[in-house]
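Have a look at the structure below before the remarks.
Only the coordinates and a few stated rules stand behind these numbers; no lab work does. In this text, all values refer to a predicted model and were calculated from it rather than measured experimentally. Cβ: placed from backbone, ideal geometry, glycine included. Neighbour counts: every protein chain shown.
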Amino acid sequence: MAIHFTDVEFEKDVLQSDIPVIVDFWAEWCGPCRMIGASIEELGNDYAGKVKVGKLNVDENPGVTTKYGIRNIPTILFFKGGEVVERHVGAVPKRAIEEKLLKLL
């Protein structure tokens with residue numbers, strides 16, 4: 001299951017995480033975001049305990065969205081040690097996300 005990240009908890013949940021984190025920046029009105037939503041949920045289940053996988057609603061969390069320069073969604077940021085190590089913009093197959101995820105482990 002994907003975690004729902006927020007501006008308030010982002011530093012604790014993502015930047016201070018002792019395991020890699022994938023953050024899917026999305027919005028309710030975004031069709032391509034819904035297309036990859038199921039893949040994000042599945043990866044959260046598949047890699048539970050190894051990688052935190054979650055979503056951040058850009059409409060509800062403008063602080064983090066602005067900080068990371070998110071202008072197009074879906075955007076997926078891959079964090080390791082509190083730093084962005086990979087970025088993907090646009091809807092992609094689950095396998096493409098998983099390949100980048102595996103590089104974090």
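Pairs only if they're at least six apart or on different chains, beta carbon under 9 angstrom, first in segment 7-20 and without any contact (Cβ under 8 Å) to a residue 60 or more places away in the chain, second among the polar types (S, T, N, Q); list them, first residue then second.
Listed pairs, sorted by first residue: 7/61; 7/65; 8/61; 10/61; 13/6.
Looking only at segment 8-20, decide whether some residue is among the hydroxyl-bearing types (Ser, Thr, Tyr), assigned to a helix (DSSP H, G or I) and either in contact with a His (Cβ under 7 Å, 6 or more places away or on another chain) or surrounded by 15 or more Cβ atoms within 10 Å (Cβ to Cβ) (or both).
no
Could you tell me how many of the residues in segment 25-80 are in a strand (DSSP E or B) and out of contact with any Pro (no Cβ under 6 Å at 6 or more places or on another chain)?
Result for segment 25-80: 12.
Could you figure out which of (1) assigned to a helix (DSSP H, G or I); (2) touching a residue at least 24 places away in the same chain (Cβ under 8 Å); (3) over 13 Å from the mean Cα position of the chain (by Cα); (4) surrounded by 14 or more Cβ atoms within 10 Å (Cβ to Cβ) isn't true of residue 96?
For residue 96, the failing item is (2).
Residue-wise test of (1) within 15 Å of residue 101 (Cα to Cα); (2) of a type in the set (Ser, Thr, Tyr).
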position	(1), (2)
4	no, no
10	no, no
15	no, no
19	yes, no
29	no, no
37	no, no
54	yes, no
61	no, no
66	no, yes
